[in-house]
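What follows draws every value from the coordinates through simple rules; no lab data is involved. These numbers come from a predicted model, not from an experiment. We place every Cβ from the backbone using ideal geometry, glycine too, and count neighbours over all the protein chains shown.
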Amino acid sequence: MKLSHKLLVILVGFTCVSLSLSLALARWSFEQGFNEFIQNQERERLRSLSRVLIAEYSSNNNSWDNIQIESVAPTGMPHRRPGMRPRPGGFPPPRHQIEDVSVGPPTLLIDAYGNIISGQSSYADENERNEVNVKLELNGELIGQLTSYPPKTPDSDVARAFSEQQLQAIILIGLLSLIASLILALGVTPRMLSPFKAILQSVKGLTAHQYKTNLPENRPDEFGELMRHINTLGNTLEAHKNTKSQWLADISHELRTPLTILSGEIELIKAGIRPLDQKQLASFDQEVTRLSLLVEDLYQLSLSDIGGLSYHFSSVDLSQVIVQQSESLAHIFDTKGLTFTCFCPPNITINADHQRLKQLMLNLLVNACEYTDAPGTVEVVVSEQPSFIVIIVQDSAPSIAKENAAALFEPLFREDASRRRRTQGAGLGLSISKQIIEAHGGKISASVSSLGGVKITAELPKHFTTDNN
């Protein structure tokens, strides 16, 4: 079943349930109101009858003897038993005071002590009747009570006709409301699903590698938020696609260059144009080393991306690692004509992987050496904070544009010719360094150095464990 059909069924079902409850409540409210109306009407009848009975009680020397209410005379006077004295003056109460009191449900006359004076004490259908009571008082003294039992449901033809008419009106209103709701649902459902259909088409495009999405983002509801996220996803996938293509092109170029050199020199040797001597072998060795470094860097980067790099955390003397790596590369800086300085406090201990820290420092120092013009300066500054260590590696010119600082950690990123690779590196060192830093729970960033080149700032927590991930 399509979502539009499901939504339509849900809307209609919800409407039916709501209407059923509303109609049931309306019917119940009508019955309660009608029942209350009957009781109020009966209470008024009993009050009219009570005035007649109180007058008779008073004229009968404050006694209920010989007074009964099983029937009321046409004049409105209760029937008297034989021997009952007439009311003083010989005139009955005015007719308007007791009009229609003879017409009503079963009624009991009870004295002040709860004894039934007149009327039936029980009825076959008493469970289907209400009870209405009116107290009889004379000069503030309780002399008795009138109790009647009007039916809970209409018992006259007029009342039943009125009740049925109201029920039919309620049912008609319910049917009309249901039809109106159905028409409204048929009109609203497609409109509600229109953004969903647009989202569905865009998602289908994403699965087909069509990453350009142009969903409207001006909706203030959840659909608008979802559309904005899908547009962002499409742009991100498009950027990744372009990056992947560029990355493959760069890798192909990096691999092709040494292979082309090797192939050309081998052809020259085979043709007898160039002799196979120590100089030629050194050239071969240089290109093979270049290929080996590139393949190793690619391997390390791919392992890091898939989480394949293994880490063995232990207490490591970071100061010793930095000093050893600096000393091992000192001759390279001297050979290139660069001034190298290292400021590192002793006995800085952190929880880290010893081999990965050595690889990290090697990558940072080699990167600074490769991309610094001679004569130049490379400087390492290490500082200890309460919970983390800050390592700064900065060099002199050339520098980079501020907007390209974050891109330095992308594989094979090249800003312009001034900072392109000019040695055996493959341009992957900073990418691998970022992976190592993040695996240790730290962070790394690049900025313009005060020395005129690039400043790499790495922060490593002192007490990182794998449980922090």
Which of the chymotrypsin sites (Phe, Trp or Tyr not before Pro) found in region 297-400 are loop residues per DSSP with 14 or fewer other Cβ atoms within 10 Å of their Cβ?
Tyr311
For region 312-468, what number results from the quotient of the Cα radius of gyration and 2.2 N^0.38 Å?
0.99
Treat every Asp and Glu Cβ in region 312-468 as -1 and every Lys and Arg Cβ as +1, leave all other atoms uncharged, and give the resulting dipole magnitude about the Cα centre to the nearest 20 debye.
280 debye
Extension gain Leu268-Lys6, at 0.36 nm per residue separation less the Cα-Cα distance, in nm?
86.8 nm
Long pairs among Lys204/Lys443; Lys336/Lys455; Lys6/Lys212; Lys279/Lys336; Lys212/Lys402, criterion Cα-Cα beyond 25 Å:
Lys204/Lys443; Lys6/Lys212; Lys212/Lys402
Can you compute the charge dipole magnitude of region 158-236 about its Cα centre, using +1 on each Lys and Arg Cβ and -1 on each Asp and Glu Cβ, nothing else charged? Give it in debye, rounded to the nearest 20.
240 debye
Using DSSP to call loops (not H, G, I, E or B), can you name the GluC sites (Glu not before Pro) in region 207-288 whose Cβ has at most 15 other Cβ atoms within 10 angstrom?
Glu217
Convert each backbone phi in region 202-216 into a coupling constant with the Karplus relation 6.51 cos²θ - 1.76 cosθ + 1.60 (shift: θ = phi - 60°), then list the ³J(HN,Hα) values in order as whole Hz, x for Gly and Pro.
5, 5, 4, x, 5, 5, 8, 6, 9, 8, 7, 10, 10, 6, x
What list do you get for Trp64, Trp28 if you sort them by fewest beta carbons within 10 Å?
Trp28, Trp64
Per residue, how big is the convex hull of region 222-303 when only Cα atoms are used? Give it in Å³.
85 Å³
Which whole-Hz couplings ³J(HN,Hα) result when phi for each residue of region 286-293 is put into the Karplus expression 6.51 cos²θ - 1.76 cosθ + 1.60, θ = phi - 60°, listed in order with x for Gly and Pro?
5, 6, 5, 4, 4, 5, 4, 5
Charge tally in the Cβ shell below 15 Å around Arg191, where Lys, Arg are +1 and Asp, Glu are -1, Arg191 excluded:
+1
